[in-house]
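The values are calculated or read from the model by the stated rules, or taken from the named source; none is laboratory data. Just so it is clear, the structure is predicted and the values come from calculations on it, not from any experiment. All Cβ positions, glycine included, derive from the backbone under ideal geometry; neighbour counts span all protein chains shown.
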Amino acid sequence: MSESTTDELTVDIWRGGEQGEFRRYTVPARASQTVLDVVTHVQRYLDQTLSYRFACRVGMCGSCAMTVNGRPRWTCRTHVDKVAKDGRITIAPLRNLPVIKDLAVDMAPFFDKWTKAEARFLPTDPDSPEFARVSPDSRERQEANAGIECIGCGVCYAACDVVAWNPDYLGPAALNRAWTLVNDARDADPARHLAAVAGDAGCHSCHSQQSCTEHCPKQLNPAASIAGLKRATAKAMLRGEI
Amino acid sequence: MSAVSAGRLSGRTRHELWLYVVQRGTALVMAPLVVVHLAVIVYAVQGGLSAGEILGRTRGSLLWGAFYGVFVVAASLHAAVGLRNIVSELTPWRGRSLMWAATLFAVVLIVLGLRAVAAVVGG
């Protein structure tokens, strides 16, 4: 094993599917290099069979999340300086999702749960020519704003231990989305969202460990959204609304 | 998550949500009771503790009877719901049989607890 130097990185990358192994690559270190740059270098210059997923490279699309040195991260905005230990990085696919090949996971179970959580906007009156008037200062709008910037990268889902032990659990991202809709004054049927996220596979399974909040690259707080859903579903049931 | 119809809870989900409400509700009830319980322990052990001293305080006291009666019921429900959650998360045991086991556990705790309360308040 070479001594760590400032001009090269020792990178272990997961190769294979669910069964596989880490393979070691040596990559030149550069200034302001991101983990995605490292993976791209390996794929372009060292091993063209490496599979991974990315699109925008600027932290908008949510497609490049991977496990970097044991933590789920968005690789396009993760600088090597921040994560490399003695010039070494280990890169694996996201946890809690089926591995397709190498660093690419199947995101279908993740997005299927958004559907199960009824995490889509239900318009009040699609034909109305009127603008909805929503006060930016209202508590509901501020709650919605706090969670609205999710890019669907799956980092919170990979970080969540409840997802790991209860495969039916909807997960932080889908629940966070549901919470933004419950607080959207324009949404036609908040009860529909609440009924979909209550119970064993929904918000009530959350242990408030806040791993989602700790790891979210957009600094959102899905744990707070889930706590809000717990209160709102209990209130709605006691009032007979769901 | 099998909602009967959109916007309505299924029977099973409603049941789960009620258990959640019961557990949070009993926690709310127990918080002040635990504080009083601990404060009385600290006060009561000053200068030694004897069965006679305890019974002198509790015997015939409706207040302490009600206090610990409520405490026992709240703790029993809270423990049974929590234990059921822990078992279903850590083991494959789920469903109706686990529900009955947890219910039995709650009943045993309530019976034993209320017996103890009756013993120190009555007689």
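Structural remarks
- Segment A:206-242 - residue that is in a loop (DSSP other than H, G, I, E, B) and closer than 20 Å to A:Thr115 by Cβ and, of those, farthest from the other protein chains (Cβ to nearest Cβ): A:Cys206
- Scanning segment A:151-177 for residues that are within 8 Å of the chain's Cα centre (by Cα) and in a loop (DSSP other than H, G, I, E, B) yields A:Ile151, A:Gly152, A:Cys153, A:Gly154.
- Which numbered condition B:Gly113 misses (of (1) under 29 Å from A:Arg231 (Cβ atoms); (2) surrounded by 15 or more Cβ atoms within 10 Å (Cβ to Cβ); (3) at pLDDT 95 or above): (1)
- Matching strands (runs of 3 or more DSSP E) fully within segment A:29-132 where at least 2 residues are under 20 Å from A:Ala173 (Cα atoms) and in contact with a Pro (Cβ under 8 Å, 6 or more places away or on another chain): A:65-68, A:71-74
- Search result, residues across segment B:72-106 that are over 24 Å from A:Pro167 (Cβ atoms) and free of Cβ contacts under 8 Å to residues at least 24 places away in the same chain: B:Trp100, B:Thr103, B:Leu104
- Of the set (1) without any contact (Cβ under 8 Å) to a residue 60 or more places away in the chain; (2) under 19 Å from A:Gly202 (Cβ atoms), all apply to B:Gly47 but (2).
- Residues of segment A:206-229 classified as closer than 22 Å to B:Arg94 by Cα and buried (at least 23 other Cβ atoms within 10 Å of the Cβ), total: 1
- Qualifying position, being surrounded by 15 or more Cβ atoms within 10 Å (Cβ to Cβ), over 16 Å from the mean Cα position of the chain (by Cα), at pLDDT 95 or above and not β-branched (Val, Ile, Thr), among B:Leu83, B:Leu9, B:Leu98, B:Leu77: B:Leu98
Quick grid of which residues meet (1) out of contact with any helix residue (DSSP H, G or I) (no Cβ under 7 Å at 6 or more places or on another chain); (2) within 14 Å of chain B (Cβ to nearest Cβ); (3) modelled with pLDDT of 95 or more:
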position: A:Ala119; (1), (2), (3): no, yes, no
position: A:Thr124; (1), (2), (3): yes, no, no
position: A:Ser128; (1), (2), (3): yes, no, no
position: A:Arg133; (1), (2), (3): yes, no, no
position: A:Asp137; (1), (2), (3): yes, no, yes
position: A:Ile148; (1), (2), (3): no, no, yes
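- Look at segment A:164-184: where a residue is on the phi > 0 side of the Ramachandran plot and a partner is at pLDDT 95 or above and charged (D, E, K, R), sitting 6+ places away or on another chain with Cβ atoms under 9 Å, you get A:Gly171/A:Lys113.
- Considering residues of segment A:119-140 that are small (Gly, Ala, Ser) and surrounded by fewer than 13 Cβ atoms within 10 Å (Cβ to Cβ) only, the residue nearest to A:Asn176 (Cα to Cα): A:Ser138
- Number of positions in segment A:178-205 that are assigned to a loop (DSSP other than H, G, I, E, B) and within 12 Å of chain B (Cβ to nearest Cβ): 7
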